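The values are calculated or read from the model by the stated rules, or taken from the named source; none is laboratory data. Note that the structure is predicted; figures quoted are calculated from it, not measured. All Cβ positions, even for glycine, are placed from backbone atoms using ideal geometry, and neighbour counts span all protein chains on display. Remember, those area values only see protein heavy atoms, side chains included, never the ligands or the DNA or RNA. Shrake-Rupley method; radii C 1.70, N 1.55, O 1.52, S 1.80 Å.
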Amino acid sequence: QVQLVESGGGLVQAGGSLRLSCAASGSFFSIATMGWYRQAPGKQRELVAEMPSGGGTNYADDVKGRFTISRDNAKKTVYLEMGSLKPEDTAVYYCNARSWTINVWGQGTQVTVSS
């Protein structure tokens, strides 16, 4: 069964840092594009960062230079290092895995940035 479990969210002051982790189960991880999305109250879910299985990264404009996505295929885990956090980064952050055959979401982890 394909499953994603996020962790690492919490409350942080503006300017602070957090590291999110997403642990995957199943055999798809090495071939999937892994991504982080977020959804703030009253807003649509949006892409934060993604990393295809073959390498390379893609970031939303407003997190470039502040967030870093990475993956460890041996551990089947994808990370999101978040720095210089702003109150507008407050949202539920979701992990996503997609390939030709799957499109799986985690349950989400709350990130709250206080001003």
Q) Under the condition of being under 15 Å from Ser99 (Cα atoms) and open to solvent by less than 60 Å² (accessible area, probe 1.4 Å), which residue from the stretch 1-22 is farthest from the chain's Cα centre (by Cα)? A) Val2
(Q) Just checking, does the stretch 23-40 include any residue being open to solvent by 30 Å² or more (accessible area, probe 1.4 Å), under 18 Å from Val104 (Cβ atoms) and in contact with a Phe, Trp or Tyr (Cβ under 8 Å, 6 or more places away or on another chain)? (A) yes
Q: Considering every residue within the stretch 51-72, establish whether at least one is more than 14 Å from Thr109 (Cα to Cα), over 11 Å from the mean Cα position of the chain (by Cα), modelled with pLDDT under 95 and of a type in the set (D, E, K, R).
A: yes
Q. Given Ser21, Ser27, which one is outside any strand (DSSP E or B) and among the hydroxyl-bearing types (Ser, Thr, Tyr)?
A. Ser27
Q: Quickly run through the stretch 33-60 and pick out the residues that are touching a residue at least 24 places away in the same chain (Cβ under 8 Å), in a strand (DSSP E or B) and of a type in the set (A, V, I, L, M).
A: Met34, Val48, Ala49, Met51
